[in-house]
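Have a look at the structure below before the remarks.
The values are calculated or read from the model by the stated rules, or taken from the named source; none is laboratory data. For clarity, every value in this text was computed on a predicted model and none was experimentally measured. Cβ placement follows ideal geometry from the backbone for every residue including glycine, while neighbour counts extend to all protein chains displayed.
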Amino acid sequence: MARIPRLFVISGPSGAGKGTLLSRVRESRPDLGLTVSATTRSPRPGDVDGVTYHFLDDSDFVARVERGEFLEWADVHGHKYGTLRSEVDRRIADGKSVILEIDVQGAFNVRKVYPDAVLIFIEPPSMEVLEARLRGRGTEDEASIELRLANARQEVALAEKYDARVVNDDLSQATDELAALIDSYETTGGNSNHGSY
């Protein structure tokens, strides 16, 4: 069956395992495109313009925002980062689905600009498991963990607004579920069992 290229937006709280799941899905589906983000930060050694990021100065970035060229953007630690709509359009025109891994606010912004985007939420089996994962990393202090948990509660509360949800309890099972969802939306447009799309 022919695949219809789609834009997939993946969100979920820190510690839900989004990056790991996406890496595993892309091992079996290397055709799934990832976009090159734009940023106002300076290139670092080894960075290649158009490959690592599209490096823009602040005025160019702001002008592009005003012209509506971004699907979503945010100010992070004093630098702007965003996803250019042209990056997504180019890959979809080439017949490839695109995956964006962005936060809940960014996902809803994408939906406003790109109504056909498929929003998939990756969630932990419980807040207790999420807390154990965050503490198990051993990379953050107590205040940072508490902040991430508070953010996670807010994000999980918005999960029902997504087209589909995947609970990452068992990594292999969650990988299979995410891959099947992507396949379903590409081949049949998804079905009513996955939410209110």
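Name the residues in segment 149-182 that are assigned to a loop (DSSP other than H, G, I, E, B) and either loosely packed, with under 14 Cβ neighbours inside 10 Å or touching a Phe, Trp or Tyr at 6+ places or on another chain (Cβ under 6 Å) (or both), would you? Listed by number, the residues that qualify are Tyr162, Asp163, Asp169, Asp170. The residues of segment 94-135 that are more than 29 Å from Phe55 (Cα to Cα) and either of a type in the set (Gly, Ala, Ser) or assigned to a helix (DSSP H, G or I) (or both), listed by number, are Ser126, Met127, Glu128, Val129, Leu130, Glu131, Ala132, Arg133, Leu134, Arg135.
Assessment of segment 136-148 against the conditions (assigned to a helix (DSSP H, G or I) and surrounded by 15 or more Cβ atoms within 10 Å (Cβ to Cβ)) yields at least one matching residue. Taking segment 1-22 as the range and being among the small types (Gly, Ala, Ser) and surrounded by 14 or more Cβ atoms within 10 Å (Cβ to Cβ) as the test, the residues that pass are Ser11, Gly12, Ser14, Gly15, Ala16, Gly17.
Might you check whether a residue that is outside any loop (DSSP other than H, G, I, E, B), closer than 23 Å to Ile122 by Cβ, touching an Asp or Glu at 6+ places or on another chain (Cβ under 7 Å) and not assigned by TED's automatic domain parsing to the domain that holds Asp176 occurs anywhere in segment 74-93? The answer is yes; a qualifying residue exists. Being in contact with a strand residue (DSSP E or B) (Cβ under 6 Å, 6 or more places away or on another chain), farther than 18 Å from Gly15 by Cβ and modelled with pLDDT under 95 is a property that Gly190 lacks. Scanning segment 74-92 for residues that are free of Cβ contacts under 8 Å to residues at least 24 places away in the same chain and surrounded by 19 or more Cβ atoms within 10 Å (Cβ to Cβ) turns up nothing. If you check Asn109 against the conditions, is it in contact with a Pro (Cβ under 7 Å, 6 or more places away or on another chain), in the same structural domain as Ser14 (by TED's automatic domain parsing) and under 18 Å from Ser11 (Cβ atoms)? Spelling it out, it is not the case that Asn109 is in contact with a Pro (Cβ under 7 Å, 6 or more places away or on another chain), in the same structural domain as Ser14 (by TED's automatic domain parsing) and under 18 Å from Ser11 (Cβ atoms). The single condition from (1) within 18 Å of Gln173 (Cβ to Cβ); (2) in a helix (DSSP H, G or I) that Ser59 fails is (1). Number of residues in segment 13-40 that are among the charged types (D, E, K, R) and under 14 Å from the mean Cα position of the chain (by Cα): the value is 2. Scanning segment 23-56 for residues that are part of a loop (DSSP other than H, G, I, E, B) and surrounded by 11 or more Cβ atoms within 10 Å (Cβ to Cβ) yields Arg29, Asp31, Leu32, Thr35, Val36, Ser37, Thr40, Arg41, Pro43, Asp47, Thr52, Leu56. Tallying residues that are assigned to a strand (DSSP E or B) and not aliphatic (A, V, I, L, M) within segment 62-73 yields 3.
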